[in-house]
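Down below is the structure, laid out as structure tokens.
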Amino acid sequence: MKKYFLTIISVALFVSVSAFAQDVDYSKLAPHPRLLINKDDIAAMRAFRDRSENAQYVNDMIVNEATRFLSTSSAVRKLEGRRLLQVSGEVLKRVFYLSYAYVMTDDVRYAARAEREMLAASEFIDWNPSHFLDVSEMTMALAIGYDWLYHFLSEESRNKIATAIYEKGLRPSENDKHAWFFKADHNWNQVCNAGMIYGALAIMDRSPEYCQALIEKCLKSNPIAQKCYEPDGGYPEGFGYWDYGTSFEVMLVAALQSALGTDAGIASQESFMRTASFMTYMATPSGKSYNFADSGSAISCTSSKYWFARQLNDASIVAVDELFVKNRKVLNVRLLPTYMVFGSALDFSKSQLPANTWVNHGETPVFVYRSGWESPNDTYFAIKAGRASTGHAHMDAGSFIYERNGVRWAIDLGSHNYHILEEAGLDHGNTKQESVRWEIFRTGPESHNILMFNGHRHNVKGLAEIVKTFATPRRKGAVVDLSAAFDGDAKEVIRTAELDKNDDLTITDHIVCGNEPATVEWRMATNAEAQIVAPNTIMLRQDGKTLYLKFKGKVKAEAKIWPDHKYREYEIVDKNLRRVGFVMQLKANQTVDIEVSMLGEID
């Protein structure tokens, strides 16, 4: 049995205790279960299930999925390109769902199936430390199962699982080449530190000095990533990576609270505590997300937001998410059981829907307007600033989306499959000026709702900023200074987006051309059928509805529908995509103001 036990060691490679981590009192370590829940929380989740129709629905989703897992084979170690992440994520989902089903039903079939899944993963040769996200999600999976099922597992199974957590999960973090996430300022930091903390908390009884040192190292590292929420809760990497990075940040802090009775200062950071609003406003009336950057468009109840609501004792934070659950818009994602963990403490009787406008600044400023929250026909408009060199960003400063009467007229194509790009040998994560990333249609400028000068790329380091917003019944919108993004092609570019009392949208661009003449393109992507009906007017038709794009300005412009993009073999083909807009010729140093209005009817 010797190989199944952990050696209590203290490793010099770990940093000394930081001031950030000195407040953690490890003598307060709770007994199992201690990750996210304790025995009282199980009773609270059962009561929540019984009193709330929404909670009953989510509970049944999880238990039904866990029941399906009973007849599946355990996961096998199979890489997709350089990643094991799909396997790690699946194991996390299975173990979390099965463990939840066991504690909620006392049905040992679920615990036994989770045990088999964890033992199978424990036999993997490794958890792919060269792509450390894979290690972290697998470590979290086994940590949750080990902790929640601790009193069910045999001593032999505990030893095997704990040894795997230690050898395949925690020890790889000692390799600086693989564990570069400790210095990262993005989602890798959050996900990987969360996984390491879960593993360390789960098996701390076996190796207290080692596990404490690792937790302290993680807590010294994690604030580097938390800076991304400054100054007001926005998330630079977009909706999809908020759902990843912030959900694991929430898992991290919630585990510290349940296991050690501390949030390690994370919950005292104002910008972080405001970030749940970012996800609220990324949800659109059509039931999709505002999918800028490397984000998909699917959206549902976001269970990690319920931690913010619990922490702030404000159920209004998840009022929109409760509407999603009521409308049965819930995805079977791997962290869904946290809905029951965090939601069980909330009183939804006094929650209120959010305001109709929102803005964040920082690395990727975004302005959002919604005319309402309960109808798919509500108007939604969002515009972003930022810069292309931000992680997972696209070349899209000044881009926007626009929904009205149930139709998304101005669209964003969202993310591209990473594996396909990597198989083609493309360094798609490189955001430098001459990167091949900007040749990929979905990430480059030609697919976005922006201005282009002479077909040039934006300046990837130029930060576009939201400099003004307005929110009255007659005028809603934002002013975006895009000048830095067009450095060299234009001396000044100021984009003003304004919706009137009827929610008709006008985009006004104030342009001071550079020292050379320029061909300027005003571009918009849409799924609507498009027809040029006048030199300055384009008619769009979709789902039996009509929208007109009308150009106005003291410069001659040509309405244009660009030909279909010639997709490369590695690019996702975007069906029903049209690119419409206007083209104009500007003289060197010329100053112009151009308007493009989007109207349901025109005179």
Check: How many residues does the stretch 544-591 hold that are of a type in the set (A, V, I, L, M), in contact with an Asp or Glu (Cβ under 8 Å, 6 or more places away or on another chain) and assigned to a strand (DSSP E or B)?
Finding: 2
Notebook entry, point to check: In the set Asn430, Asn332, which member is part of a loop (DSSP other than H, G, I, E, B) and either within 19 Å of the chain's Cα centre (by Cα) or of a type in the set (Lys, Arg) (or both)?
Noted result: Asn332
Notebook entry, point to check: Would you pick out the residues in the stretch 359-380 that are farther than 14 Å from Lys476 by Cβ and either open to solvent by 40 Å² or more (accessible area, probe 1.4 Å) or touching a strand residue (DSSP E or B) at 6+ places or on another chain (Cβ under 8 Å) (or both)?
Noted result: Asn360, His361, Glu363, Thr364, Pro365, Val366, Glu374, Ser375, Pro376, Asn377
Note to self: Taking the condition of being open to solvent by 10 Å² or more (accessible area, probe 1.4 Å), of a type in the set (Asp, Glu) and more than 19 Å from Leu133 (Cβ to Cβ), how many residues in the stretch 143-182 meet it?
What the structure shows: 2
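Only residues that are more than 21 Å from Arg442 (Cα to Cα), in contact with a helix residue (DSSP H, G or I) (Cβ under 6 Å, 6 or more places away or on another chain) and not in a helix (DSSP H, G or I): list them for the stretch 284-306, please. Can you show your working first?
Initially, the stretch 284-306 is screened for residues more than 21 Å from Arg442 (Cα to Cα), giving 285-287, 300-306.
If we keep only those that are in contact with a helix residue (DSSP H, G or I) (Cβ under 6 Å, 6 or more places away or on another chain) as well, we get 300-306.
Scanning the stretch 284-306 gives Ser300, Cys301, Thr302, Ser303, Ser304.
Could you pull out the residue among Asn576, Asn527 that is within 33 Å of the chain's Cα centre (by Cα), open to solvent by 40 Å² or more (accessible area, probe 1.4 Å), at pLDDT below 95 and of a type outside the set (Asp, Glu)? Before you say what the answer is, go through the steps one by one.
Numbers: Asn527 fails: at pLDDT below 95.
On inspection, the qualifying residue turns out to be Asn576.
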Check: Are any residues in the stretch 188-208 over 20 Å from Arg158 (Cβ atoms) and open to solvent by 10 Å² or more (accessible area, probe 1.4 Å), and if so, which ones?
Finding: Trp188
Check: Between residues in the stretch 216-235 that are at positive phi and residues that are assigned to a helix (DSSP H, G or I), which pairs lie under 9 Å by C-beta distance while being six or more apart or on different chains?
Finding: Gly233/Glu270; Gly233/Ser271; Gly233/Phe272; Gly233/Met273; Gly233/Ala276; Gly233/Ser277; Gly233/Phe278
Margin query: Yes or no: the stretch 123-141 includes at least one residue that is farther than 17 Å from Leu92 by Cα and either open to solvent by 30 Å² or more (accessible area, probe 1.4 Å) or under 27 Å from the mean Cα position of the chain (by Cα) (or both).
Written below: yes
Next item on the list: Name every residue in the stretch 535-547 that is open to solvent by less than 50 Å² (accessible area, probe 1.4 Å) and either more than 19 Å from Glu521 (Cβ to Cβ) or of a type in the set (Ser, Thr, Tyr) (or both), in order of residue number.
Entry: Thr537, Met539, Gln542, Thr546, Leu547
Check: List pairs: first in the stretch 410-436 and on the phi > 0 side of the Ramachandran plot and of a type outside the set (D, E, K, R), second open to solvent by 20 Å² or more (accessible area, probe 1.4 Å) and modelled with pLDDT under 95, Cβ under 6 Å, 6+ apart or cross-chain?
Finding: Gly414/Gly296; Gly414/Ser297
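If I filter the stretch 68-84 for residues that are part of a helix (DSSP H, G or I) and aliphatic (A, V, I, L, M), do I get at least one hit?
At the first step, the residues of the stretch 68-84 found to be part of a helix (DSSP H, G or I) are 68-69.
Of the ones still in play, those that are also aliphatic (A, V, I, L, M) are none.
Scanning the stretch 68-84, I find no residue that is part of a helix (DSSP H, G or I) and aliphatic (A, V, I, L, M), so the answer is no.
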Item checked: Only one of Ala298, Ala385, Ala309, Ala355 that is open to solvent by less than 10 Å² (accessible area, probe 1.4 Å) and under 29 Å from Gly600 (Cα atoms) -> Ala385
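Return yes or no: is Asp106 farther than 30 Å from Ser300 by Cα and at pLDDT 95 or above?
Details: farther than 30 Å from Ser300 by Cα: no; at pLDDT 95 or above: yes.
In short, no.
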Item checked: Those residues of the stretch 427-447 which are closer than 14 Å to Ala485 by Cα and in contact with a strand residue (DSSP E or B) (Cβ under 8 Å, 6 or more places away or on another chain), in sequence order -> Pro445
Check: Any chance the stretch 261-268 includes a residue that's touching an Asp or Glu at 6+ places or on another chain (Cβ under 8 Å), without any contact (Cβ under 8 Å) to a residue 40 or more places away in the chain and open to solvent by 10 Å² or more (accessible area, probe 1.4 Å)?
Finding: no
Notebook entry, point to check: When you look at Val460, is it open to solvent by less than 60 Å² (accessible area, probe 1.4 Å), of a type in the set (A, V, I, L, M, F, W, C), under 20 Å from His394 (Cβ atoms) and under 26 Å from the mean Cα position of the chain (by Cα), yes or no?
Noted result: yes
Check: Could you list, in sequence order, the residues of the stretch 138-161 that are within 14 Å of Ile197 (Cα to Cα) and among the small types (Gly, Ala, Ser)?
Finding: Ala141, Ala143
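The values are calculated or read from the model by the stated rules, or taken from the named source; none is laboratory data. Predicted model only: the values in this text are computed from it and were never measured. Here Cβ is always computed from backbone atoms with ideal geometry, including for glycine, and neighbour counts include all displayed protein chains. With ligands, DNA and RNA removed, areas are computed over all heavy atoms of the protein, side chains included. Shrake-Rupley method; radii C 1.70, N 1.55, O 1.52, S 1.80 Å.
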